[in-house]
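To start, the structure itself, in structure tokens.
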Amino acid sequence: MAANDTISDMLTRIRNAGLVRHQTTNVPATKMTRSIARVLKEEGFIADFEESGEGIKKFLVISLKYKGKNRQPIIKVMKRVSRPGLRVYSNRKELPRVLGGIGIAIISTSKGIMTDREARRQGVGGEVLCYVW
């Protein structure tokens, strides 16, 4: 994995932390990871996130969410769609629906990072970063 694909790195860290039932996981803080964390929080996939660290060594501490007494991770699948080697764009008419609307697609639009639902509402398309459900 290329070190410059912060999004894949973030998704992998969250996925791995969920598999071993960690309460939190650390992700390097960038504008992009912050925006994705904000969307995941708004959509109820993560409990919260906060920033810690100094200068360029800042990272986001993401609090994961589990349900039930055997603590099933709320996030079942996180799938990277567009990647540095193969960008995937979608105009507003072709925005993907994930599992018939149960999941979300996180889209990078000219108006910022948002879910497929929000992008449809605002009538914008963009780069399909990942699917989450």
Select from the stretch 25-49 the residues that are assigned to a helix (DSSP H, G or I), without any contact (Cβ under 8 Å) to a residue 40 or more places away in the chain and β-branched (Val, Ile, Thr) and list them in ascending order.
-> THR33
Quickly run through the stretch 52-79 and pick out the residues that are within 16 Å of the chain's Cα centre (by Cα) and of a type outside the set (Val, Ile, Thr).
-> PHE59, LEU60, SER63, LEU64, LYS65, PRO73, LYS76, MET78, LYS79
Please name all residue pairs, on different chains or six or more residues apart, with Cβ atoms under 6 Å, provided the first residue is in the stretch 3-18 and is outside any helix (DSSP H, G or I) and the second residue is surrounded by fewer than 16 Cβ atoms within 10 Å (Cβ to Cβ).
-> ASP5/PRO84
Please determine, by comparing only the residues of the stretch 50-73 that are part of a loop (DSSP other than H, G, I, E, B) and open to solvent by 40 Å² or more (accessible area, probe 1.4 Å), which one is modelled with the highest pLDDT.
-> LYS65
May I ask you to list pairs of residues, at least six apart or on different chains, whose Cβ atoms are under 9 Å apart, with the first in the stretch 54-66 being within 12 Å of THR30 (Cα to Cα) and the second being crowded, with 17+ Cβ neighbours inside 10 Å and among the aromatic types (Phe, Trp, Tyr)?
-> LEU60/PHE49
Please indicate, with yes or no, whether at least one residue in the stretch 100-117 is among the charged types (D, E, K, R), assigned to a helix (DSSP H, G or I), open to solvent by 70 Å² or more (accessible area, probe 1.4 Å) and under 21 Å from ILE46 (Cβ atoms).
-> yes
Yes or no: ALA47 at pLDDT 95 or above and either over 19 Å from ILE104 (Cα atoms) or crowded, with 16+ Cβ neighbours inside 10 Å (or both)?
-> no
When the residues of the stretch 80-93 are filtered to those that are part of a strand (DSSP E or B) and more than 9 Å from GLY126 (Cα to Cα), which remaining residue is nearest to the chain's Cα centre (by Cα)?
-> ARG80
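The values are calculated or read from the model by the stated rules, or taken from the named source; none is laboratory data. As the structure is a computational prediction, the values presented were derived from the model and not from experiment. Glycine gets a Cβ as well: all are built from the backbone with ideal geometry, and neighbour counts include every protein chain shown. When the accessible area is computed, the model is the full protein with side chains, heavy atoms only, and any ligands, DNA or RNA have been set aside. Shrake-Rupley method; radii C 1.70, N 1.55, O 1.52, S 1.80 Å.
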